[in-house]
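Okay, structure first, notes after.
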Amino acid sequence: MKKTVLFLLLLLGLSAEAKVQLPQLFQSGMVVQRGKKIPVWGTADAGQRITIRFHKFQTIAVADAQGHFRADLPAMKAGGPYTLMVGDVVLTNIMVGDVWLFSGQSNVDVPIERVYPQYVDEINAFDVPLVRLFRVQNETNAHGVQHDIRKTAINWLPLNRENAWRFSALGTFFGKRMYERTGVAQGIIVNSWGGTPIEAWVSADSLRRDYPMYVERTRFYADDAYVAAQAKANQLADQRWNAMLDELDPGVQGHFAAPDYDDSQWTPVDQYSLEWAKTGGRPVIGSIWLRQHVQLTKEQASQPARLYLGTLFDADITYVNGRQVGRTYYQYPPRRYDIPDGLLREGDNVITVRFINKYGIAHFIPEKPYCIAFGDSRFNLPNSSLSTLNSELLTLNSELSTTWLHHAGAQMPPCPSGDVSLQNIPSTLYNAVVYPLAPYALSGVVWYQGESNTGNPAPYADLLRKLMGNWRALWQQPQLPFCIVQLANHDGRQQTGNPQPLTPQTEPVNSGWARLREAQRQVTLGDSRAELAVAIDLGEPVDIHPLRKKEVAERAALCMDRLVYGKKVQLSPRPLRHQMMGQQVIITFDQPLQDGPVAEFEVAASDGRFHNATATARGTQVTIDSPVAAPVRIRYAWKDNPQAQLKAKATQLPASPFEL
C-alpha cells in the first residue's frame, strides 16, 4: 500500500512539473539570424535543467528562481531546414538566414491587398517559401514591460499570395527582394500600429529624465479600473449614438436605399463641393444620403463586378440596387466593394451611399477611381492616379458621374468620448510588443513612422535617437542597423477632416512635415549605423497611405545593402558643404546630379524670412541665385507636398528635403 501511495505521489509530482514554454516568436517555420549567436529562452520550473538541441549543437539551460531560462547557441551559416528541440518542445522547418524587424505606424501596416492593383502580375506569382512572415499582435501595457507577446495568426508563414494578402506590403516586397539578391532565407517580423506616435515605442527609462510628463501620463493610465470604465463608457456612448442615429435618420425609416425609391425630388450636387455636407454653413455631424443612377448594358450586367468609390470621409454604408455591398468605418481604406452576382441588371441601377460622420465634414477624396469595373480585370484598377489604365479597362469600366442626388439624413450632437487609446500613450508599445521580442537576433530594423508627430516635430530627433539607443541596448546589439524611411510627400491639409483646396503651395511655409523629415535626416547623418530611405517622390497628396510600397522597399533594401552587407551602393544625393558667394549659394553634393533647373529652393537673410529662389543643378553642384542679400539659411523641398525635382544622375533617386 505504501509503495502504491509513493508511486502515485511521484506521478503527481511529475505531472505538476511545468512544461517548457517558449516565446510566441518560437514556432515551426521560423527564421533565426545567421552569423550571430542564437538566443533560446523561455520558462520552466525553477531549477529545471532543459536540454537544447539544434542542428549539430547541444547545450543545457537551467531555469532561475523565477522559472526563466536562456541559452545562446553558436553562430551559424545560412542553411536549413533544421529541427530545434527545447526540452519536450520540438520545432521543425527552421531556417538560418536574415531576420528583419519592421516597425512604426500605418504605412508599415498597409497590406498587399491594398497595393495589389499596382503590382498585379508580381503578387499573383508570389511563391517564395524561404521568405517567412511573422506579424506581432497589437497589445499595450501601461504598467511596465512584459515577457511575451500575444498569439498571432501570421506566424512564420511562407510567402505566397494567400499568406501575404493581409500582411505588410513593405515587409513583403523587402523580404522578396532580399531573398532574390542573397539566396538566403529571410524572416520578416512586422510590429506596427497605425496612428501611433514615436513616444509609445520608447522605453520609460529613456523618457524619464528629459520627458517626465510622458512618464507621468503613462502612470495615469496604469489604473486598470479607470481604463476599463472609460472604455466601457466609450463603447456605450458609441452604441447609443449609433442607435439614436438610426432612430432619427429618415433614410433608415424611409428606405432611401431601395431600388424603387422615388428620388425625383432629391437635389443634384457635385461630389467635390462641400456644400451638400453642411447645414447653416456648418459641417453635418450625423448622416447624409447620396444616390446615383447608372445605366448598364446587358453585357456589363452579366459580368462579375466591383464598385470603386475612391476614398471617403469618414464612414460609409454603400448599397447597390437596395442591397448593402460594403461598409467602412473610417476614412483611410479604399472603397472597393464586390457586387454580388445577379444584383446588377440591364438598364437602370442605383448606387446609394450613406455617409456617417462623428466629426469633420463628409467628402469624396479627389484623384481616386469612382466607377464600376467588370470582368476578370476588375481587381486591377489602381486606387490612385499614379497608374495609367489600359484601353481594355477603360472600355469595360462604367465611370460614375460626379453628380449625385442628395437628401439630408439625421443631425446629431458630437459623440461623447474619452481618450483611452493606450497605443498612443508613451512606452505602452515598448512594454508590450518591443521588449518581449528581444533578444531574438536581428539583421536590422526598418522604422517607418512620424506622421502622428508632425503636429509637434521639435522633439522628434531626440526621441528617435532615444528609440534607436534603447532598442540597441535591449537587443544587446550596439551596432544594430536602422533604416529610417523618411515621410513621403503628402498634403497634410487632408488630415483634418475639413479639406482645403489642393492647389500646390507655391510660397514658403512653416511645414511640420518638412521639419520632421529634417529630424529624420539629421539623426541618420549623425549615426554611422543608420541610413535614410528617401520617399519624397513616392507619396500621394490626397492619401496618407501611398501605394508604391515596392519602391519604398527597394530603397530600404539599398540602405541595408550598405549597412549590413557592406555594398558600395549609391543612396539619395546628400549635400556635403555649401558656400556663399555674394548673392549666390553653391551647394556641393556627394554624387553627380541630373542637370537642369531645380524648383523648391528657398533662402533667408538674418531676419529669418524665407523667399523662393531659382536654382540650377550641374555636375555635383547646385547654384542658387538668392533674391536677398547675404543669405544665411537655405531650404529645399520645405513643404508638406513639395514638387521635389533634385535627383541623382545615375540612379534617379531623389535628394532628401533639407535645411542648411
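In region 387-406, the residues that are surrounded by 18 or more Cβ atoms within 10 Å (Cβ to Cβ) reach residues that are basic (Lys, Arg) and modelled with pLDDT of 50 or more with C-beta atoms within less than 6 angstrom, at least six apart or across chains, in these pairs: Leu405/Arg291. Per the listing Gln300, Gln331, Gln324, the residue uniquely within 14 Å of Pro259 (Cβ to Cβ) and out of contact with any Lys or Arg (no Cβ under 9 Å at 6 or more places or on another chain) is Gln324.
Within the set Thr616, Thr623, Thr651, the sole residue that is at negative phi and within 35 Å of the chain's Cα centre (by Cα) turns out to be Thr651. Is at least one residue of region 551-568 closer than 25 Å to Pro382 by Cα, in a strand (DSSP E or B) and of a type in the set (Asp, Glu)? Within region 551-568 (the criterion being closer than 25 Å to Pro382 by Cα, in a strand (DSSP E or B) and of a type in the set (Asp, Glu)), the answer is no, since none of the residues qualifies. State which residue is most open to solvent (accessible area, probe 1.4 Å) when the search covers only region 46-76 and only residues that are in contact with a strand residue (DSSP E or B) (Cβ under 7 Å, 6 or more places away or on another chain) and within 12 Å of Val96 (Cβ to Cβ). Per the criteria, the residue is His55. When region 147-176 is filtered for residues that are hydrophobic (A, V, I, L, M, F, W, C) and at negative phi, the ones remaining, listed by number, are Ile149, Ala153, Ile154, Leu157, Leu159, Ala164, Trp165, Phe167, Ala169, Leu170, Phe173, Phe174. Considering only residues that are open to solvent by less than 70 Å² (accessible area, probe 1.4 Å), among the hydrophobic types (A, V, I, L, M, F, W, C), farther than 26 Å from Val569 by Cα and assigned to a loop (DSSP other than H, G, I, E, B), which ones fall in region 631-653? Hit for region 631-653 is Trp638, nothing else. Looking at region 592-604, is at least one residue of a type in the set (Gly, Ala, Ser), at pLDDT 95 or above, closer than 16 Å to Val534 by Cα and open to solvent by less than 30 Å² (accessible area, probe 1.4 Å)? Scanning region 592-604, I find no residue that is of a type in the set (Gly, Ala, Ser), at pLDDT 95 or above, closer than 16 Å to Val534 by Cα and open to solvent by less than 30 Å² (accessible area, probe 1.4 Å), so the answer is no.
Checked against (1) under 25 Å from the mean Cα position of the chain (by Cα); (2) open to solvent by 10 Å² or more (accessible area, probe 1.4 Å), Phe173 meets all criteria but (2). Within region 583-608, the set of residues being farther than 28 Å from Thr651 by Cβ and touching a residue at least 40 places away in the same chain (Cβ under 8 Å) comprises Gln583 only. Taking the criterion of being among the small types (Gly, Ala, Ser) and either buried (at least 23 other Cβ atoms within 10 Å of the Cβ) or within 15 Å of Ile198 (Cα to Cα) (or both), the only residue of region 515-527 that qualifies is Ala519. Scanning region 159-213 for residues that are in contact with a Lys or Arg (Cβ under 8 Å, 6 or more places away or on another chain), polar (S, T, N, Q) and part of a helix (DSSP H, G or I) returns a single hit, Ser206. Just one residue in the set Lys550, Lys567 is open to solvent by 60 Å² or more (accessible area, probe 1.4 Å) and under 19 Å from the mean Cα position of the chain (by Cα); that residue is Lys550. Selection over region 196-222 of residues that are more than 16 Å from Ala473 (Cβ to Cβ), touching a Leu at 6+ places or on another chain (Cβ under 8 Å) and of a type in the set (A, V, I, L, M) gives a count of 3. Can you spot a residue in region 226-234 that is out of contact with any Cys (no Cβ under 9 Å at 6 or more places or on another chain), of a type in the set (Ser, Thr, Tyr) and in contact (Cβ under 8 Å) with a residue 12 or more places away in the chain? Looking for residues that are out of contact with any Cys (no Cβ under 9 Å at 6 or more places or on another chain), of a type in the set (Ser, Thr, Tyr) and in contact (Cβ under 8 Å) with a residue 12 or more places away in the chain, one finds none in region 226-234, hence no. For beta carbons closer than 7 Å, sequence separation of 6+ or different chains, a first residue in region 275-300 that is over 17 Å from Val353 (Cα atoms) and a second that is among the small types (Gly, Ala, Ser) and open to solvent by less than 10 Å² (accessible area, probe 1.4 Å), the qualifying pairs are Pro283/Ala277.
Where helices (runs of 4 or more DSSP H) sit wholly within region 95-153, those with at least 3 residues that are buried (at least 18 other Cβ atoms within 10 Å of the Cβ) and touching a residue at least 40 places away in the same chain (Cβ under 8 Å) occupy 106-109, 112-115. Scanning region 64-90 for residues that are closer than 16 Å to Gly35 by Cα and either more than 34 Å from the chain's Cα centre (by Cα) or aliphatic (A, V, I, L, M) (or both) turns up Leu73, Pro74, Ala75, Met76, Ala78. Scanning region 255-266 for residues being within 39 Å of the chain's Cα centre (by Cα) and of a type outside the set (Phe, Trp, Tyr) gives a total of 4.
The values are calculated or read from the model by the stated rules, or taken from the named source; none is laboratory data. Here the structure is a predicted model, which means the values were calculated and not measured. Please note: Cβ atoms are built from the backbone with ideal geometry, for glycine as well, and neighbour counts cover all protein chains shown. The protein model used for the area step is the full one, side chains on, heavy atoms only, and it has no ligands, DNA or RNA in it. Shrake-Rupley method; radii C 1.70, N 1.55, O 1.52, S 1.80 Å.
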